[in-house]
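The values are calculated or read from the model by the stated rules, or taken from the named source; none is laboratory data. Note that this is a predicted model, so its numbers are computed, not measured. Counting neighbours? That spans all protein chains shown, and the Cβs are built from the backbone with ideal geometry, glycine included. Remember, those area values only see protein heavy atoms, side chains included, never the ligands or the DNA or RNA. Shrake-Rupley method; radii C 1.70, N 1.55, O 1.52, S 1.80 Å.
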Amino acid sequence: MGKASDTGCSAGSGGTWQQRRCECRRRAAQVLLAAVALAFVLAVYLRGPAATAGAGGLDPARVLMDILSAEQLRENLEYYASGAHVAGTNTTQADHTRSHFERQGIGTETVEYYPWLNYPVAQRVALFNASTGAVSFEAGLQEARVPGDPASDDPHNLPAFHGHSADGNVTGRLVYANYGTGSDFRALGEAGVSVKGAIVLMRYGVVPCAYKVHAAELAGAHGALVYSDPIDDGYGKGRVYPAGPWRPASSLQRDSVLRLDVYPGDPLTPGYPSTRDAPRLDPRDAASLNRIPSLPISHMDALPLLVALQGHGVEAADISRGWVGGLTSKGVRYWTGPSALAVNLLNQVAYRTVPIQNVIGRIKGWEDPEQVVVIGNHRDAWSAGASDPSSGSAVLLELARALGELGRLGWRPRRTIILASWDAGEYGLAGSTEWVEENIDWLRADGVAYVNVGAAVEGSSFRATASPALKDLLYAAAKQVAYPHSNGTVYDAWLRDSVAAGARGRRPAVQPLGPASDTMAFAVHAGVSAVDFGFAGSGGARHSNFDSIQRVAAFVDPDMQLHLAAARLWGQVAVRLADDPVLRLSPTRYAADLKRYIRQFERKMALLLRPPPKGPGLATERLGHLRAAQHQLEVSARIVEDSTRHLRLVYGEDCQMAGRRRHRTCLALRASINDRVSKLERHFIDPDGAPGREWHKHVLVAPDFGAASGYRLFPALADALDAGDALQLREREKYIAGMVHEAAWFLREA
Ligand SMILES: *[C@@H]1O[C@H](CO)[C@@H](O)[C@H](O)[C@H]1NC(C)=O
Ligand SMILES: *[C@@H]1O[C@H](CO)[C@@H](O)[C@H](O)[C@H]1NC(C)=O
Ligand SMILES: *[C@@H]1O[C@H](CO)[C@@H](O)[C@H](O)[C@H]1NC(C)=O
Ligand SMILES: *[C@@H]1O[C@H](CO)[C@@H](O)[C@H](O)[C@H]1NC(C)=O
């Protein structure tokens, strides 16, 4: 009844003319709303029982789509992106988010944690002659101001900086290591270039920044510099900002260098929440922290460094053509070094325990209030962060308004919806990780799914990563949402892009969940099925001051229609997860994907274990135990599907055809199906975790930092394979197959 109270009526019952007129208007509004609700009921009735009729008798997913507004989205985006909001520095944005949720009638709390974060104090990158001390180059380490774009001129903007980087002042010869992957460092070794004691210059791309710094550290380097090469992200791609969307010469890509492959979140409280009084590790014992200082630099600052390498070591093109970047157009030839000149890298940072604010809204379900669907994104950004993550925050806020509006129409979800605006996402996913760690018990008991939209709109190409269980739901939702400026749906555009990118198959590609998303703690640690999606671009402003409202308005989404599509899609997925009588999580799809995982791993084994197998038990490169277990899972999944079909045919999804006597039977069957499909993922969680990285507990897939794909199938098996330990591989295979067998039994018997 929000509209009625906007008329300014006082609650008094006196009989003035004005009050009577108010009363009258209020009535009229009520009648209008009742008529709207009735129309929904009729519409649902006329469309037949297949439509999901919620408690208020309306199809919430449909109505939600109509409530969402591009204008509101723009307003939200302008709010979040109008000021810098690095984690721990802008509580105003947390308060704003909270009061917006509350205005929608959503019960909301701010949950604080106290992780160990760093902030930049002083930094320097300089080239000098080690014998004379003469300095020949000082790097700027600042992004230029762009006239007309206030975000580039915000006094709170940071200089060159890596979150969770090591404090230090180091000097050494410079070595160029391409993208800093494992194979890049091996190639340097084979070329006879030593990295010991050096400052390593690497370019962004292929693997996460944290991995590059770690790889440099492993190779014996004393410092790491990471720059954005114009061939990957800059003038090599197109016109640069502000003339175009690409990264200009001074642009810096800030990033986290926390080793999420060890564990994400607060480095001092692994596996448990960083509450105010939690016990904490000595930072020297925190295994997720890199030990060598690092900084991001622009390609403008990288250029003189590359020039200093010329003629020293090996010419990069002789290692591989893939080692040559785009500064060749400025006359640079890429060489490995080590350089004759020395580089001084100063990264002075201040670490402290900082309060961070997660904003958590809760819409209580009417049928299964203990069952929860969590939707969220991180709120903090390295600067204005218009695309990353404010586009996602804008969508979350608008979704809260639409859900509030649905509530005012009388609708409640069956299951509880939690809206989460995480803080410190840029610092190794701290907000979501600490929250999951604190709530792990009930999430394992009652978590249905987590839906993340981090950067909702960075470009126009839809992409998704997900647990196999959620793929079908995502496909169905994408078919319901129109793709802007086309006659097709998001699904159509997605399939087209996916095929163009080389995907085979009849459906768009959905990769397993990778490292850089707040889905991580849910999926990998708690075993809650999760999905992450958005409209992706291929770079241009990631983590720079130029990720601004102006840039979004000029080059990314001028009319906010992509934001609207993202909101509609997110709303569809969330409402269906929270309100479908029978959950659309698919064990059949899970079993099918597991089969693909097994095949894929077997191909890798065949490749790595030939010539002659080293140990016993490798007469064949087949994962026999896993294959057998997968078969059982497939059979069980079919049984669940049969029960679901039976339920629909005999009783109707809503048990509306069950009659009074059999209503209970129907409800019990439905609860059992829902329980089975939503807990399947939990059966792939090994409480002990993967050997060597205990926080990561999923046995089928783990985020992988060293691989371009971003994920690793059967992480424990892959480790054994890498170590060439066939016996251990077989042992672990049996163990995982046992877990899959148990999952299959659970699907059948629960
Ligand atoms: C915090 O964010 C708000 C809204 O974007 C902005 O107006 C304000 O300037 C920011 N505060 C700081 C300290 O940057
Ligand atoms: C960093 O090291 C350099 C070279 O050793 C030295 O000249 C400089 O004073 C140091 N800076 C700081 C802030 O310690
Ligand atoms: C350092 O300076 C000395 C003295 O001017 C010079 O001989 C030497 O070549 C310089 N080294 C480099 C790497 O430029
Ligand atoms: C959509 O369909 C209409 C009618 O077939 C056509 O004229 C129009 O060009 C189409 N628009 C796009 C963006 O494809």
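Of all residues in region 583-609, how many are more than 30 Å from GLN371 (Cα to Cα), open to solvent by 10 Å² or more (accessible area, probe 1.4 Å) and in contact with a Lys or Arg (Cβ under 7 Å, 6 or more places away or on another chain)?
Residues meeting the conditions: 1.
Per-residue answers, yes or no, for (1) closer than 13 Å to GLU458 by Cβ; (2) of a type in the set (Lys, Arg):
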{"position": "GLY502", "(1), (2)": "no, no"}
{"position": "ARG506", "(1), (2)": "no, yes"}
{"position": "THR519", "(1), (2)": "no, no"}
{"position": "PHE522", "(1), (2)": "no, no"}
{"position": "HIS543", "(1), (2)": "yes, no"}
{"position": "GLN550", "(1), (2)": "no, no"}
{"position": "ALA554", "(1), (2)": "no, no"}
{"position": "GLN561", "(1), (2)": "no, no"}
{"position": "LEU564", "(1), (2)": "no, no"}
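Among VAL457, VAL490, VAL436, VAL451, which is open to solvent by less than 20 Å² (accessible area, probe 1.4 Å) and within 16 Å of ligand 4 (Cβ to nearest atom)?
Just a single option satisfies the conditions, and that option is VAL490.
Only one of HIS100, HIS85 is more than 23 Å from the chain's Cα centre (by Cα), touching a residue at least 40 places away in the same chain (Cβ under 8 Å) and assigned by TED's automatic domain parsing to the domain that holds SER383; which?
Exactly one of HIS100, HIS85 is more than 23 Å from the chain's Cα centre (by Cα), touching a residue at least 40 places away in the same chain (Cβ under 8 Å) and assigned by TED's automatic domain parsing to the domain that holds SER383, namely HIS100.
Can you report the number of residues in region 135-179 which are among the polar types (S, T, N, Q) and at positive phi?
The qualifying residues number 1.
Listed here are the residues, each with its yes/no results for (1) part of a helix (DSSP H, G or I); (2) among the aliphatic types (A, V, I, L, M).
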position	(1), (2)
THR465	no, no
LEU473	yes, yes
HIS485	no, no
SER498	yes, no
PRO508	no, no
ALA523	yes, yes
SER544	no, no
ARG551	yes, no
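Check LEU158, LEU268 and return the single one that is among the hydrophobic types (A, V, I, L, M, F, W, C), under 24 Å from the mean Cα position of the chain (by Cα), open to solvent by 10 Å² or more (accessible area, probe 1.4 Å) and not assigned by TED's automatic domain parsing to the domain that holds SER432. Reasoning before the result, please.
On the way: LEU268 fails: open to solvent by 10 Å² or more (accessible area, probe 1.4 Å).
Being among the hydrophobic types (A, V, I, L, M, F, W, C), under 24 Å from the mean Cα position of the chain (by Cα), open to solvent by 10 Å² or more (accessible area, probe 1.4 Å) and not assigned by TED's automatic domain parsing to the domain that holds SER432 holds for just one of LEU158, LEU268, which is LEU158.
Based on this model, can you work out whether ASP532 counts as within 30 Å of LEU158 (Cβ to Cβ), at pLDDT 95 or above, touching a Ser or Thr at 6+ places or on another chain (Cβ under 7 Å) and acidic (Asp, Glu)?
yes
Which one of the conditions (1) in a loop (DSSP other than H, G, I, E, B); (2) buried (at least 24 other Cβ atoms within 10 Å of the Cβ) does TYR235 fail to meet, given that it meets all the rest?
Just one mismatch for TYR235, condition (2).
Here is a yes/no grid of residues against (1) under 30 Å from ASP557 (Cβ atoms); (2) of a type in the set (Lys, Arg); (3) more than 16 Å from ligand 3 (Cβ to nearest atom):
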{"position": "GLN72", "(1), (2), (3)": "yes, no, yes"}
{"position": "ASN76", "(1), (2), (3)": "yes, no, yes"}
{"position": "THR97", "(1), (2), (3)": "yes, no, yes"}
{"position": "VAL111", "(1), (2), (3)": "no, no, yes"}
{"position": "LEU117", "(1), (2), (3)": "no, no, yes"}
{"position": "ASN129", "(1), (2), (3)": "no, no, no"}
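When you scan region 447-454, do you find a residue that is more than 16 Å from ligand 1 (Cβ to nearest atom), over 16 Å from the mean Cα position of the chain (by Cα) and in a loop (DSSP other than H, G, I, E, B), even just one?
No: zero hits.
Determine which single condition LEU174 fails, assuming it passes every other condition in (1) more than 16 Å from ligand 3 (Cβ to nearest atom); (2) within 19 Å of PRO338 (Cα to Cα); (3) crowded, with 24+ Cβ neighbours inside 10 Å; (4) in contact (Cβ under 8 Å) with a residue 60 or more places away in the chain.
Status for LEU174: all satisfied but (1).
Name the residues in region 209-228 that are outside any helix (DSSP H, G or I) and either surrounded by 24 or more Cβ atoms within 10 Å (Cβ to Cβ) or without any contact (Cβ under 8 Å) to a residue 12 or more places away in the chain (or both), would you?
ALA221, GLY223, ALA224, LEU225, VAL226, TYR227, SER228
As an exercise: evaluate ASP261 against (1) under 20 Å from ALA708 (Cβ atoms); (2) open to solvent by less than 10 Å² (accessible area, probe 1.4 Å) and give the number of the one condition it does not meet.
Every condition holds for ASP261 apart from (2).
For residues that are outside any helix (DSSP H, G or I) and touching a helix residue (DSSP H, G or I) at 6+ places or on another chain (Cβ under 8 Å), scanning just region 86-108, find the one that is surrounded by the most Cβ atoms within 10 Å (Cβ to Cβ). Spell out the reasoning first.
If we filter region 86-108 for residues that are outside any helix (DSSP H, G or I), which is where we start, we get 86-90, 104-108.
Next, only the ones that are touching a helix residue (DSSP H, G or I) at 6+ places or on another chain (Cβ under 8 Å) stay: 87, 104-106, 108.
On the way: ALA87: 25, GLN104: 23, GLY105: 15, ILE106: 22, THR108: 19.
It comes out as ALA87.
Looking at GLU733, GLU694, which one is touching a Gly at 6+ places or on another chain (Cβ under 9 Å) and open to solvent by less than 10 Å² (accessible area, probe 1.4 Å)?
The conditions single out GLU733.
If you check PHE705 against the conditions, is it more than 21 Å from ARG584 (Cβ to Cβ) and outside the structural domain of ASP441 (by TED's automatic domain parsing)?
yes
Collect the residues in region 271-300 that are part of a loop (DSSP other than H, G, I, E, B) and open to solvent by 30 Å² or more (accessible area, probe 1.4 Å), keeping them in residue-number order.
GLY271, TYR272, THR275, ARG276, ASP277, PRO279, ARG280, LEU281, ASP282, ALA287, ARG291
So in region 713-724, with the set limited to residues that are in contact (Cβ under 8 Å) with a residue 60 or more places away in the chain and assigned to a loop (DSSP other than H, G, I, E, B), which one is farthest from VAL262 (Cα to Cα)?
Residue satisfying both the conditions and the ranking: GLY724.
Just to be sure before I move on: is GLN357 within 16 Å of ligand 1 (Cβ to nearest atom) and assigned to a strand (DSSP E or B) in the structure I sent? Before you say what the answer is, go through the steps one by one.
Working: within 16 Å of ligand 1 (Cβ to nearest atom): yes; assigned to a strand (DSSP E or B): yes.
Yes; evaluated as a whole, the condition is true for this residue.
Looking at region 328-354 only, could you name the residues that are more than 16 Å from ligand 3 (Cβ to nearest atom) and open to solvent by 50 Å² or more (accessible area, probe 1.4 Å)? Step through it out loud before you land on a result.
Quick first cut of region 328-354, residues more than 16 Å from ligand 3 (Cβ to nearest atom) only: 328-334, 336, 345-354.
Answer for region 328-354, where residues must be more than 16 Å from ligand 3 (Cβ to nearest atom) and open to solvent by 50 Å² or more (accessible area, probe 1.4 Å): THR328, SER329, LYS330, GLY331, ARG333, GLN348, TYR351, ARG352, THR353.
Write out, first by first residue and then by second, each pair whose Cβ atoms fall under 6 Å of each other, whose residues are 6+ apart or on separate chains, and whose first residue, in region 121-150, is under 17 Å from SER250 (Cα atoms) and at pLDDT 95 or above while the second is among the polar types (S, T, N, Q) and within 16 Å of ligand 1 (Cβ to nearest atom).
GLU143/ASN545; ARG145/SER152; VAL146/SER152; ASP149/SER548; ASP149/GLN550
Evaluate region 115-126: report whether one residue or more is over 24 Å from the mean Cα position of the chain (by Cα), within 16 Å of ligand 1 (Cβ to nearest atom) and surrounded by 15 or more Cβ atoms within 10 Å (Cβ to Cβ).
Yes, region 115-126 has at least one match.
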